[in-house]
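The values are calculated or read from the model by the stated rules, or taken from the named source; none is laboratory data. Not measured: the values here are computed from a predicted model. Every residue, glycine among them, receives a Cβ derived from its backbone with ideal geometry; neighbour counts consider all protein chains shown. Note: areas computed on protein heavy atoms with side chains; ligands, DNA, RNA excluded. Shrake-Rupley method; radii C 1.70, N 1.55, O 1.52, S 1.80 Å.
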Amino acid sequence: MRICLIRGSGVEQEEVDSIFHAMRARQVDAVELRRDAKAGTVAELLKATDVILTLGGDGTFLAGARVAAPRDIPVLGVNHGHLGFLTEIEAHEMSMGLSRFFDGSYRIEERTMLQVTLSRKGRSMVQEIGLNEVVVDHSGETHILRLEIDVGGQRVGVIDADGAIVATASGSTAYALASGGPILEPTLQDLLLVPMSPFALTVRPIVFAPGQEISLTVVRGPGEMRVDGQGRGQEVAIGDVVSCGSHAKRLKVIRFSPPESFYQRLADKLGWGRPLVPKK
């Protein structure tokens, strides 16, 4: 068996070394994959990998998801960050978590991944995948974007807004939620469109059934496109089309908690449903 570690910037080398030592004691091969590794290195390291272990916050988990999902490799997230909404266990629980994994005391939860293509004049310029969302928003001196929305070949309408978010159910509790979108149960395969500060109050978020492809055509721009909030945005010009659909493969997430724990996680991590004034 091989375990591949992806760590965030706040995780010390000492902790990684201790994991490697524990793996050797179990006669398990352990390797580290850097988040900035080149595609060839990623492919080689993950060729014989059985599980990806992410050490960090949700950003590190998202990085692991992008390389794991296309290869059908399950991911176990260990939280070293502040929120840790996507990760399964806290840093101090890692020893217990690894023991349960090796004992087979876990379940696999599948999450929909997003497939994003940026096209210009009929040519595919960029293709990316993400677990949470793609954001198309204004850039430079552009104060407002105009986007034409098409779903499954059907024109939905044109909106003037700061931008738009297309999110998975996993991403519904991230940037989409901060922009006024609804919360979706994370195993749903629906996609969500959330306008960002739309000019018209009648423009509201929409949830689309599985299998639909959502296209955003830039009518007034320019703008920027980001998938899962990665680095610098990709420039999108007037006439460019951002096509969003579900990736062919779903992400496999290692879970020790029961499925209904999602709602407890909402309360613990996001404070959802708690009274504004504490009960006496």
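Modelled this way, with points 7 Å down the Cα-to-C-beta line, the labels at Glu185 and Gln154 are 2.5 nm from one another.
What's log10 of I(q)/I(0) for the range 8-163 at q = 0.10, 0.19, 0.20 Å⁻¹, Debye sum over Cα points only, no solvent? Treating every Cα as an identical point scatterer, log10 I(q)/I(0) equals -0.50, -1.28, -1.39. The simple Förster model, with R0 at 22 Å and r as the Cβ-Cβ distance, assigns Gln230 and Ile206 a FRET efficiency of 0.30.
Applying the Karplus relation 6.51 cos²θ - 1.76 cosθ + 1.60 with θ = phi - 60° to the range 104-109 yields 3J(HN,Hα) values of x, 8, 8, 10, 9, 10 Hz, where x marks Gly and Pro. Under 17 Å from the 7 Å Cα→Cβ point of Ala22, by amide nitrogen: which residues of the range 236-256? So the set is 254-256. In sequence order, the range 113-124 has phi-based couplings of 9, 9, 10, 10, 10, 9, 10, 9, 6, x, 9, 6 Hz under the Karplus curve 6.51 cos²θ - 1.76 cosθ + 1.60, θ = phi - 60°, and Gly or Pro positions carry x. Determine the share of the chain's accessible area contributed by carbon and sulfur atoms, expressed in whole percent, with a 1.4 angstrom probe. Looking at the chain in its full context, I get 50 percent from C and S. Figure legend: label point modelled 7 angstrom from the Cα of Trp272 along Cα→Cβ; residues of the range 40-78 with amide N under 20 Å from it are 58-59, 61-62, 77. The Rg/Rh ratio of the range 192-280, with both radii computed over alpha carbons and Rh defined as the Kirkwood radius, is 1.07. Scalar couplings 3J(HN,Hα) for the range 24-41, obtained by applying the Karplus form with A = 6.51, B = -1.76, C = 1.60 to θ = phi - 60°, are 4, 4, 9, 6, 10, 7, 10, 10, 10, 10, 6, 5, 9, 5, 6, 4, x, 5 Hz; x denotes Gly and Pro. The trypsin sites (Lys or Arg not before Pro) found in the range 100-129 that occupy coil by DSSP, while having at most 11 further C-beta atoms within 10 Å, are Lys121.
If only the Cβ of Lys and Arg carry +1 and only the Cβ of Asp and Glu carry -1, the dipole of the range 1-76 around its Cα centre is close to 280 debye.
A cut-off of 5 Å between modelled amide H atoms, ignoring neighbours fewer than 5 places along the same chain, links Gly84 with Asp58.
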